[in-house]
Amino acid sequence: MIARLAAWLLLSLACAQAGAAAPCSVWPDWQGFRDKFVSADGRVVDRGSAQAVTTSEGQSYALFFALVANDRAAFDRLLQWTGNNLAGGDLTARLPAWQWGKRSDGSWGVIDANAASDADLWIAYALAEAGRLWQDPRYAALADLLAARILREETDDLPGLGRTLLPGPHGFHNQPGAWKLNPSYAPLQLMQRMAALYPKSQWQAMPAASADLVARSAPLGFAPEWAIYDARRGFQPDPGTHGEGSFNAIRVYLWAGMLAADDPRRAALVKRFAPMTAYVVANGVPPATADAQGGTAADAGPDGFSAALLPLLRAAGQTDAADKQRLRLVARRTLDRDDNYYDQVLALFGLGWDDGQYAFDRDGMLLPRWTCAASPQR
């Protein structure tokens, strides 16, 4: 408590000293992302995709970024578009569809009505924290409803693992005793915050199960895209991706690295993913793919992977390697393009955290810079 109070005082002084020249609410990277990828009515457009689709993932991340930037006008537009177009006009009544765009008949609308639980979790989290930070009970009430629906429709009690987030309501438990899981869908910060917000619910069991999912699915230090959890045999390679980790899995390292320094699970995860940090240190760039079963990695990953690895490299004490990843982003002009939605999502997460725009405390509470609230030590 004393250490946290001291940190709060130091940050408050820093914000006061920054004055009008650098107000805590300014985040140029978000403003650039918003101008390039968010339409006037609040739709996040993946301009790098063939059909310029919108996903619930994109909406959820943009809601989080808007909250971090204290951009309430953008937050409300994003939320309204999400409810109107992905949730049939009522986000209190149903989970949002995961994909929206141009259909085969030329009309625009929902392409796949199944939900994506990671997006739903980020939306619920952003709403809950918006209700707290902006002191608006409307956001908090919507978060409560969405959190309860996630529990009902997108979790299951897995033998030997516990209450676990499934990737969506449909299609991930097609065989008795086996579930298809995505480790990147379970950021521990968010799980811990939901457990704190809903202490008398099944969210209480989710942080431990999520930590087990993340660690046990990566026995050799590289996270897979997807994994099969078998009630008898434990974690097994997903037949479709064969234990490979790439565009999904990169987020596992990102979430782990952003855990608060005093989070009791961070040290173990930093140690578990030491092979990934060692690869970046040795090769100068993150790998494009990694084999969770064989413990090997290869090729140079895209720009966003460099941003995603920043927090983990910092947590592992690899300052020089982290600095080189930042230089790579500058040299490749990652944030100047308008066709690299996912790279820039990862850049906003990684660079935003690295620049102190936001942090999470050990209970998963969001600490945005604009509040001048204390950021925990890293």
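The values are calculated or read from the model by the stated rules, or taken from the named source; none is laboratory data. In this text the structure is predicted, and so the values were computed from the model without any measurement. Cβ placement follows ideal geometry from the backbone for every residue including glycine, while neighbour counts extend to all protein chains displayed. The accessibility values were calculated without ligands, DNA or RNA, using every heavy atom of the protein model including side chains. Shrake-Rupley method; radii C 1.70, N 1.55, O 1.52, S 1.80 Å.
Values computed for the structure shown
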quantity: Surface per residue (accessible, 1.4 Å probe) for the chain, Å²; calculated: 40
quantity: Cβ-based net charge around ASP230, under 13 Å, with every Lys or Arg adding one and every Asp or Glu removing one; calculated: +3
quantity: DSSP-loop trypsin sites (Lys or Arg not before Pro) across the range 166-230, with at most 15 other Cβ within 10 angstrom; calculated: LYS200
quantity: For the range 142-259, size of Cβ-based charge dipole, Lys and Arg +1, Asp and Glu -1, in debye; calculated: 220
quantity: Debye equation applied to the C-alpha atoms of the chain, log10 I(q)/I(0) at 0.08 Å⁻¹; calculated: -0.38
quantity: Rg to Rh, two decimals, where the range 119-211 supplies the alpha carbon set and Rh follows Kirkwood; calculated: 0.99
quantity: Amide H within-cut-off set for ALA87, under 5 Å, with H built and near neighbours excluded; calculated: ALA97
quantity: Neighbourhood net charge (13 Å Cβ-Cβ; Lys/Arg +1, Asp/Glu -1) for GLY240; calculated: -2
quantity: Environment charge of SER201, counting only residues whose C-beta is closer than 11 Å and scoring Lys/Arg +1, Asp/Glu -1; calculated: +2
quantity: Spatial separation of Cα centroids for the range 300-378 and the range 129-170, in angstrom; calculated: 26
quantity: Accessible surface of the chain [probe 1.4 Å, protein heavy atoms]: carbon and sulfur percent; calculated: 53
quantity: Relative pair counts by distance (%), Cα atoms of the range 275-339, 10 Å bins; calculated: 22, 52, 23, 3
quantity: FRET E, pair ARG216, LYS271, Förster distance 22 Å, beta-carbon r, rounded to 0.05; calculated: 0.95
quantity: Estimated FRET transfer efficiency (ARG233, THR371; beta-carbon r; R0 45 Å; 0.05); calculated: 0.45
quantity: For the range 23-65 and the range 187-215, distance of Cα centres in Å; calculated: 27
quantity: Equivalent ellipsoid dimensions for the range 79-233 as semi-axes, Å, which come from the Cα gyration tensor, largest first; calculated: 26, 21, 13
quantity: Set of the range 72-105 residues, backbone N closer than 11 Å to the point 7 Å along the Cα-Cβ line of GLU153; calculated: 87-88, 90-98
quantity: Estimated FRET transfer efficiency when R0 is 35 angstrom, pair GLN31-LYS102 (beta carbons, to 0.05); calculated: 0.80
quantity: Segments 287-293, 247-253, 47-53 sorted - mean Cβ within 10 Å per residue, highest first; calculated: 247-253, 287-293, 47-53
quantity: Kirkwood-type radius of the range 183-313, with distances r between different C-alpha atoms, in Å; calculated: 14.9
quantity: In order through the range 144-161: 3J(HN,Hα) via Karplus (6.51 cos²θ - 1.76 cosθ + 1.60), integer Hz, x for Gly, Pro; calculated: 4, 5, 5, 4, 5, 5, 4, 4, 5, 9, 10, 10, 8, 8, 8, x, x, 10
